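Questions regarding the structure given below will be posed in turn.
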Amino acid sequence: MNEDTNSPLFDIFWENSKFSEVNIGEFQKLIEEYSGAEHEMPALQYPKPDHKLPMPTDRQVKQMQRRKSDRLFAEKKINKKQLGSLLAAFSKNNSDGRTYPSAGATYGVDIFCLVNNYDGELNHKVCYYNADNHSLSEVKALPDWESYAPLLNIDTDNSMPAVVFVFVLFASRVTSKYGERGGRFALIEVGHAAQNLSLRLVEEKMVGVEMGGLLDNEIKALLGLEDTSAAIALGLACGFAK
């Protein structure tokens with residue numbers, strides 16, 4: 001996956017955890033057979049009494065408490081203002097960094113949008129987000145939802161998200177500086193960026209669900225990244241609640 005040789009073990013981990021049409025069935029079977037009760041671990045407990053703390057009631061806490069996962073979407077278009085608001089989750093900040101942290105400001109994550117239901121000319125397009133000037137670049141035409149939805153490995157009960165965000169990882173940006181440990185840093189960055197987007201969804205009164213089971217090579221091809229070192233880290237389907 002990486003263009004450098006600083007993280008061969010991380011590369012092996014990533015290759016071994018890829019999903020394809022061949023092995024995705026095994027993953028789904030694991031989920032179906034899993035019983036939470038049988039795998040519960042007792043919570044950590046300590047002998048001394050707990051020290052209760054005051055809970056804040058500010059707007060930020062309320063935003064975090066309203067965040068939830070929802071995979072059922074209404075047939076409502078997202079407009080330019082709303083899409084810009086969501087993508088602000090990944091934009092530049094006032095110190096020439098971005099709105100989420102990255103190890104050594106290496107920024108291994110790039111964001112792509114699969115635009116399914118948009119009130120504008122980018123509807124039914126694959127787009128790339130430019131953090132430097134908060135803009136979208138059109139990459140290619142997007143197939144119909146029904147034809148590419150199986151690549152996402154998610155059940156939306158016949159509903160369609162307005163936009164699917166794909167978090168693409170160029171881990172060598174991080175591992176070239178930090179070696180194998182940089183693989184962890186890169187995945188942490190994905191998590192920070194995803195949480196930012198989740199909170200922007202709350203602000204726009206929209207919903208979303210993270211998708212960790214995307215078919216790797218097929219999604220790379222959908223984004224036009226077949227001949228690159230890109231790795232498909234995460235998907236997040238967004239829209240208005242059904």
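The values are calculated or read from the model by the stated rules, or taken from the named source; none is laboratory data. Quick caveat, the model's predicted, so the values are computed rather than measured. Note that each Cβ is placed from the backbone with ideal geometry, even for glycine, and that neighbours are counted across all protein chains shown. We work out accessible area using only protein heavy atoms, side chains counted, and drop any ligands, DNA or RNA first. Shrake-Rupley method; radii C 1.70, N 1.55, O 1.52, S 1.80 Å.
For the range 59-136, state which trypsin sites (Lys or Arg not before Pro) are in a DSSP loop and have at most 12 other beta carbons lying within 10 Å of their beta carbon.
Listed in order of number, the matching sites are LYS68.
A follow-up question, please. Work out how much length TYR46 to GLU26 would gain on full extension: take 0.36 nm times their residue separation and subtract the Cα-Cα distance, in nm to one decimal.
Roughly 3.3 nm would be gained on extension.
Hey, can you find the accessible area per residue of the chain for me, probe 1.4 Å, expressed in square angstrom?
Accessible area per residue: 58 Å².
Compute the Cα gyration tensor for the range 42-153, then decide on rounded, prolate or oblate, letting a ≥ b ≥ c be the square roots of its eigenvalues: rounded whenever a/c is under 1.5, prolate when a/b is larger than b/c in the other cases, and oblate in all that remain.
Prolate.
Counting only C-alpha contacts under 8 Å and six or more residues apart, can you give the relative contact order of the range 182-242 as a whole percent?
41
Going down the table (LYS140/LYS242; LYS92/LYS220; LYS68/LYS92; LYS48/LYS205; LYS52/LYS81), which pairs top 32 Å between alpha carbons?
LYS48/LYS205; LYS52/LYS81
Given an 8 Å cut-off on Cα distances and at least 6 residues of separation, report the relative contact order of the chain as a percent.
Relative CO of the chain lands at 29 percent.
Give a quick list of GluC sites (Glu not before Pro) in the range 184-237 that DSSP marks as loop, anything other than H, G, I, E or B, with at most 13 other Cβ atoms within 10 Å.
Qualifying residues, ordered by number: GLU226.
A further question follows. Report in % the part of the accessible area of the chain that belongs to carbon and sulfur, leaving out ligands and nucleic acids; probe 1.4 Å.
Reported share for carbon and sulfur atoms: 51 percent.
Let me ask you something else. Starting from the amide H of ALA241, placed 1.01 Å from N in the peptide plane, find each other amide H under 5 Å away whose residue is 5 or more places distant or on another chain.
Under 5 Å from the amide H of ALA241: ALA74, VAL207.
Can you give the FRET efficiency to the nearest 0.05 for ASP144 and VAL61, using r as the Cβ-Cβ distance and R₀ = 30 Å?
The computed FRET efficiency comes out at 0.15.
Follow-up. Which value, in Å to one decimal place, does the Kirkwood hydrodynamic radius take for the chain when every pair of different Cα atoms is included?
Hydrodynamic radius (Kirkwood, Cα only) of the chain equals 19.5 Å.
Can you show me the helix-derived [θ] at 222 nm for the chain, built from DSSP H runs with n ≥ 4 at -39,500 (n - 2.57) apiece and divided by the number of residues, rounded to the nearest 500.
Calculated mean residue ellipticity at 222 nm is -9000 deg cm²/dmol.
Given R₀ = 22 Å, what would the calculated FRET efficiency be for ARG181 paired with ASN16, taking r from the Cβ atoms and rounding to 0.05?
0.70
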